[in-house]
Amino acid sequence: MLQTPLNAFHRECQARLVDFAGWEMPVMYTSIIEEHNYCRQHCALFDVSHMGRVEFRGPDAARFMEHLNTRNIGGAAPGMCRYSHMCKDDGGILDDVIVSKFEDHFLVVCNASNREKLLGWWEQQRRGFNVEITDRTLETAMVALQGPEAMETMSRLLPIPLDDLKRYRFKTGNVMGADYFVARSGYTGEDGAEIILPANLALMAVRLLISRAEELGRPIKPAGLGARDTLRLEAGMPLYGHELTEDWDSITAGQEWAVDLTKDFIGSDVLKRVKAEGPRRKITGFEVEGKRIARQGAPILRDGQQVGTVTSGTQSPTLGKNIAMGLLDSELATPGQSVEIDVRGTKCTTTVVPLPFYKAKK
């Protein structure tokens with residue numbers, strides 16, 4: 001099992017460690033609810049070093065990115081990050097990624113569970129393209145600082161100005177000869193940034209960041225994968241293997257905004273057809289009555305007939321409600337529709353609601 005450069009930090013903090021996509025990762029330190037609420041109110045630190053970080057260089061790197069991605073990547077200016085999907089020929093989603101454009105190369109951040117799959121697939125697809133692919137995952141670390149206090153706290157702690165850093169933009173810096181990357185992005189529905197730095201400096205940097213934040217009276221607390229999942233679900237953000245899979249396309253997944261059908265990419269013909277005909281099912285939000293939590297795989301029913309399947313569900317710490325996302329027949333996927341979810345033999349009354357469930361205050 002792989003360990004992130006912050007494994008010693010997790011153990012010092014007495015985190016509960018689990019196997020996640022072949023990595024030993026903290027699922028929680030104190031409690032999921034406590035960490036969730038601290039992120040919503042202050043600033044939480046997540047170790048996301050398990051995610052893949054892969055560079056693409058060469059004369060055809062921009063053209064290769066356009067070929068792979070559902071989003072317009074070549075049109076991005078240096079310093080921009082774009083959320084995108086990469087799909088198979090049949091439109092099935094191989095992964096959702098963040099692509100950052102530098103002056104001379106691209107950086108793709110992908111899901112840990114899909115890194116090896118994608119590395120093989122990129123090698124197959126690069127035929128005919130003059131592009132060099134370099135996996136930087138094991139030589140770097142990545143942390144996310146998320147919450148309403150995150151950007152102000154980091155502005156006071158990091159040696160580069162962040163006041164002018166816009167959402168989905170990044171800056172780079174150098175400390176003691178080591179390069180680092182700061183992007184204003186994240187996966188919680190809160191403001192914040194993700195930082196990439198050399199693996200051998202990560203443990204020292206995180207310890208220093210936390211101690212200096214404490215001195216400022218703006219404590220940063222670590223949060224695990226459990227809170228990361230409840231936070232992203234409240235924010236209506238999809239998770240690969242749940243709302244995103246190889247079994248359906250980006251439009252069905254409710255991510256049409258991340259698809260540019262004016263260009264050609266792998267799977268674009270299928271997505272154009274889905275757009276023209278309309279998806280048969282859609283990823284939809286639900287509020288579930290009662291105390292039972294609808295988990296992935298639970299059937300969604302209408303008049304006793306299955307009309308969908310739950311992809312994610314939790315009890316929302318912020319809203320105090322049971323919420324879920326699921327794949328639902330399109331004709332029912334409008335807010336206010338009433339359906340039932342079969343939660344381990346109990347049929348729970350459920351209402352279709354808009355996504356996201358939660359929006360951070362600006």
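What follows is calculated from the coordinates using simple rules that are stated; it is not laboratory data. Since this is a predicted model, take the numbers as computed values, not measurements. Don't worry about glycine lacking a Cβ; one is built from the backbone with ideal geometry, like all the others, and counts go over all protein chains shown.
Taken over the Cα atoms of the range 1-131, the convex hull encloses 141 Å³ per residue. Here's how it looks for V175: its modeled amide H is under 5 Å from those of Y180, which are all 5 or more places away or on a different chain.
Equivalent ellipsoid of the chain: semi-axes from √(5λ) of the C-alpha gyration tensor, largest first, are 32, 28, 17 Å.
Note: relative contact order over the range 280-362, using C-alpha pairs below 8 Å and six or more positions apart, is 37 percent.
So for each of 245-256, 67-78, 163-174, 340-351 I average, over its residues, the number of other beta carbons within 10 Å; can you give me the resulting order with the highest mean first?
Per-residue mean Cβ counts within 10 Å order the peptides as 245-256, 67-78, 340-351, 163-174.
Need one word for the range 311-360: rounded, prolate or oblate. Basis is the Cα gyration tensor (sqrt eigenvalues a ≥ b ≥ c); a/c below 1.5 gives rounded, then a/b vs b/c decides. Verdict is oblate for the range 311-360. Around the Cα centre of the range 187-321, unit charges on the Cβ atoms of Lys, Arg, Asp and Glu (plus for the first two, minus for the last two) sum to a dipole of about 340 debye. Placing a label point 7 Å from the Cα of D163 along the Cα-to-Cβ line, the residues of the range 114-155 whose backbone N sits under 19 Å from it are 149-155.
Between L355 and G285, the built amide H atoms are under 5 Å apart, and every one of these is 5 or more places off in sequence or on another chain. Normalised by 2.2 N^0.38 Å, where N counts its residues, the alpha-carbon radius of gyration of the range 79-124 equals 1.19. Based on Cα atoms of the range 145-203, Rg over Rh with Rh as the Kirkwood radius reads 0.95.
Calculated [222 nm] ellipticity per residue, helices only, for the chain: -6500 deg cm²/dmol; basis is -39500 (n - 2.57) per DSSP H run with n ≥ 4, divided by all residues, nearest 500. Each of A21, M80, I341 was scored by the projection of its Cα onto the charge dipole of the chain, and the greatest displacement toward the positive side belongs to I341; charges sit on the C-beta of Lys, Arg, Asp and Glu. Each peptide in 290-298, 106-114 was scored by the mean count of other Cβ atoms within 10 Å over its residues; highest first, the order is 106-114, 290-298. For the range 89-102, 3J(HN,Hα) computed residue by residue from phi via the Karplus equation (6.51, -1.76, 1.60; θ = phi - 60°) reads 4, 8, x, x, 7, 6, 5, 9, 9, 10, 10, 10, 9, 9 Hz, glycine and proline entered as x.
When only alpha carbons are used to place a centre, the range 312-348 and the range 199-259 end up 23 Å from one another.
Taking each pair of different alpha-carbon atoms in the range 52-188 once, compute 1/r for the pair, average those values, and report the inverse of that mean as the Kirkwood hydrodynamic radius in Å to one decimal.
Working: mean 1/r = 0.0627 Å⁻¹.
Over the range 52-188, the inverse of the mean reciprocal pair distance is 15.9 Å.
Plainly put, the range 237-362 has a radius of gyration that is 1.00 times its Kirkwood radius, both from alpha-carbon atoms, as the Rg/Rh ratio. Basic side chains Lys and Arg get +1 at the Cβ, acidic Asp and Glu get -1 at the Cβ, and with that the dipole of the chain about its Cα centre reaches some 580 debye. The peptide list 280-289, 177-186, put in order of mean Cβ contacts within 10 Å with the highest first, becomes 280-289, 177-186. For the range 93-115 versus the range 28-56, the spacing of their alpha-carbon centroids is 19 Å. In plain terms, the C-alpha convex hull of the range 171-284 casts an average shadow of 10.4 nm² when viewed from every direction. Partner aspartates and glutamates whose Cα lies under 12 Å from the Cα of K347, excluding those fewer than 8 positions away in the same chain, are identified as E289, D303.
For the range 120-238, report the translational diffusion coefficient in µm²/s to the nearest whole number, using Stokes-Einstein at 10 °C, 1.306 mPa s, and a Kirkwood Rh over Cα pairs. Translational diffusion coefficient: 99 µm²/s.
Taking amide H as placed 1.01 Å from N in the peptide plane, N322 has its amide H under 5 Å from the amide H of V288, S316, each at least 5 places away in sequence or on another chain. Give me log10 I(q)/I(0) at q = 0.16, 0.20, 0.24 Å⁻¹ for the range 5-76, Debye formula, one equal scatterer per alpha-carbon, no solvent. Rounded to two decimals, the profile gives -0.74, -0.85, -1.05.
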